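Read the structure below first, then the notes.
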Amino acid sequence: MEYIVEKIGMSRTVSVPSKPVTLLKVIETKVCEVKDGTAVVAYSQGKNKNKSIEGQQKKYALPSDFNCFATLEVANSEAGDLDLAPLASAQVVKAVFNTKGRGFTGVMKRWNFQGGPAAHGHRFHRTSGSIGNREWPGKVQKGRKMSGQYGNEQVTVKNSVLSFDAENGVLVLVGSIPGPNGAQGRVKVVK
Amino acid sequence: MKNKYIENFEKAQMAGKNIPEFRAGDTLRLAVSITEGDKTRIQNYEGICISLRGEGTGKTVNVRKIGANGIGIERVFPLYSESLQEITVVRRGRVRRAKLFYLRNLAGKAARIKELRN
């Protein structure tokens with residue numbers, strides 16, 4: 001079962017030993033159409049609205065603020081509010097989030113290259129240096145670590161569930177998950 | 001300001017904990033539960049609170065005492081930890097600072113703190 005969630009932030013428990021926890025808010029979702037366990041669902045995000053969204057809202061009789069659509073595995077067998085029961089009994093979940101985007105990044109930050117000395121006449125500071133051999137092989141090997149876009153890529157992590165507050169829709173996971181606070185992602189119930 | 005969901009989560013854990021009010025300079029007696037094998041016992045640790053930091057469940061207190069052979073010992077306790085059974089304020093100290101790290105550089109009589117009298 002999958003759920004769309006928003007990362008709230010991190011905290012810790014007072015138990016011995018203390019555990020780091022991540023709080024996730026389960027976003028209110030309505031199931032529009034179910035087919036073999038996968039469903040078209042709608043949720044609210046921003047104020048984006050156009051004729052095609054309005055057409056879908058009319059088709060599924062949705063409130064006017066449910067303007068985003070997605071495909072999820074659900075426990076529901078028919079349209080309506082998303083069934084949160086599997087979360088209450090979940091022990092382990094997989095969280096799918098985008099990592100923090102760091103933009104175009106040099107090799108020292110992206111690949112932990114050592115770099116060179118900063119001073120005393122050195123001309124090799126933070127650059128990548130040599131990237132290959134000579135006339136043979138005459139090309140750069142595939143997979144060569146170079147500077148480029150770092151972060152903002154999808155990462156899946158497995159976390160155990162500490163608790164689920166159905167009233168507020170707050171899921172508490174042990175450990176950390178990728179992405180900044182406020183980021184939207186998915187959790188998938190594994191066990 | 002903390003997020004209200006995080007605040008609620010932490011409040012639920014801190015509920016029922018009876019922590020007296022104290023600040024840096026106060027002498028505290030902490031009852032620490034220690035597990036050895038399958039036995040649990042309580043050990044008291046007494047010293048001067050030299051700093052309080054953090055908030056919520058992450059709030060900690062740094063307690064300094066002078067151990068055997070005049071060696072300074074500092075232990076940092078999470079204030080709301082389940083291993084802290086009781087906190088007693090033994091003596092209130094008159095200090096002008098929130099962090100008393102200067103005590104580390106003082107020894108003997110110079111490291112005393114006057115008692116707070118109202």
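The values are calculated or read from the model by the stated rules, or taken from the named source; none is laboratory data. What you see is a predicted model, and the numbers here were worked out from it, not measured in a lab. Heads up, the Cβs are rebuilt from the backbone with ideal geometry, glycines too, and the neighbour counts pull from every protein chain shown. Areas reflect the complete protein model, heavy atoms only, side chains present, ligands, DNA and RNA absent. Shrake-Rupley method; radii C 1.70, N 1.55, O 1.52, S 1.80 Å.
What to note about this one:
- Percent carbon-and-sulfur accessible area, chain A, ignoring ligands, DNA and RNA, probe 1.4 Å: 48 percent
- With 5 Å bins beginning at zero, the pair-distance distribution over Cα atoms of chain A amounts to 1, 7, 12, 13, 13, 12, 10, 8, 7, 6, 5, 4, 2, 0, 0 %.
- Nearest-10 value in Å² for the accessible area of residue B:87, using the 1.4 Å probe: 20 Å²
- In order through segment B:2-19: 3J(HN,Hα) via Karplus (6.51 cos²θ - 1.76 cosθ + 1.60), integer Hz, x for Gly, Pro: 8, 4, 5, 6, 5, 4, 5, 4, 6, 4, 4, 7, 7, 4, x, 8, 9, 10
- Using a 1.4 angstrom probe on protein heavy atoms only, the contact between B and A buries about 1200 square angstrom of accessible area, both sides summed.
- Exposure of residue B:86 as accessible area (Å², to 10), given a probe of 1.4 Å and all protein chains: 110 Å²
- Which of A:156, B:57 is most accessible, then next, and so on - probe 1.4 Å: A:156, B:57
- Where segment B:4-107 is the region considered: accessible area per residue in Å², 1.4 Å probe: 61 Å²
- Ordered from largest to smallest accessible area (heavy atoms of protein chains, 1.4 Å probe), the residues B:48, B:6 come out as B:48, B:6.
- Leading residue at positive end of dipole, chain A (Cβ point charges), from A:96, A:164, A:132: A:132
- Segment B:4-107 - percent relative contact order, Cα under 8 Å, separation 6 or more: 32 percent
- Here the simple spin-label model places points 7 Å from the Cα toward Cβ, and for residue B:42 and residue B:111 these points are separated by 2.8 nm.
- Taken per residue, the accessible surface of chain A reaches 62 Å², heavy atoms only and a 1.4 Å probe.
- Within the assembled protein chains, the solvent-accessible surface assigned to residue A:153 is about 100 Å², based on a 1.4 Å probe.
- For segment A:21-123, the fraction of alpha-carbon pairs in successive 10 Å shells from zero, as %: 12, 29, 22, 14, 11, 7, 4, 0
- A 1.4 Å probe over all protein chains sorts A:136, A:111 by accessible area into A:136, A:111, starting with the largest.
- Placing +1 on the Cβ of every Lys and Arg and -1 on the Cβ of every Asp and Glu, with no other charges, gives segment A:71-129 a dipole of roughly 940 debye about its Cα centre.
- GNM top mover of B:28, B:103, B:79 - chain B, alpha-carbon springs below 10 Å: B:103
- Using a cutoff of 8 angstrom between alpha carbon atoms and counting only pairs six or more residues apart, the relative contact order for chain A works out to 32 percent.
- In summary, the lysines within cross-link reach of residue A:47, defined as a Cα separation below 18 angstrom excluding same-chain residues under 8 places away, comprise A:30, A:58.
- Over every Cα atom in chain B, the radius of gyration and the widest Cα-Cα span, Dmax, amount to 15.8, 48 Å.
- Over 30 Å (Cα to Cα) - which of A:7/B:59; A:25/A:109; A:49/A:100 fall in this group: A:25/A:109
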